[in-house]
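Here is the structure we will look at.
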Amino acid sequence: MSINNTMKALSDKTRRDILTLLKQGRKSAGEIAEAFPVTGAAISRHLSVLKDADLIRDEREGKYIYYELNASVLEEIMLWIKTLKGDDIDD
């Protein structure tokens, strides 16, 4: 995991909103695009950044690509943040 890629991906509100949307379950690129007032190309770029940061996974089914949240990376970030705060990570 590259923390720089992860933080860059999380720095954008639209990308955070995409992650929140995917928290509800996997969605196709079209379903994701319908939820935002930006172009399909912009959503594609956001998805690419999230995928590069390993925050989402994709799976092709026929002519559609479905995206889902990769919570394990978020859990690693949360553990790292807890150690910065001085919280005991064994809780």
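A few comments on the model shown:
- Note that the chain presents 66 Å² accessible area per residue, ligands and nucleic acids not counted, probe 1.4 Å.
- Within the chain, longest stretch clear of exposed trypsin sites (Lys or Arg not before Pro) (DSSP loop, no more than 11 other Cβ within 10 Å): 24-62
- Carbon and sulfur %, accessible surface of the chain computed with the full protein complex present, 1.4 Å: 50
- Whole-number percent relative contact order across the chain, with pairs defined as alpha carbons under 8 Å at least 6 apart: 29
- Counting every pair of alpha carbons in the range 1-45, the share spaced more than 18 Å apart comes to 30 percent.
- Tail beyond 17 Å, pair distance distribution of the chain (Cα, percent): 49
- Pairs from Lys27/Lys51; Lys27/Lys82; Lys13/Lys51 whose Cα-Cα separation, in the structure shown, is over 22 Å: Lys27/Lys82
The values are calculated or read from the model by the stated rules, or taken from the named source; none is laboratory data. Note that the coordinates shown come from a computational prediction; the quantities given were computed from them, not determined experimentally. Glycine also receives a Cβ, built like all others from the backbone with ideal geometry; neighbour counts cover every protein chain displayed. Protein only, heavy atoms only, side chains kept; ligands, DNA and RNA dropped before computing areas. Shrake-Rupley method; radii C 1.70, N 1.55, O 1.52, S 1.80 Å.
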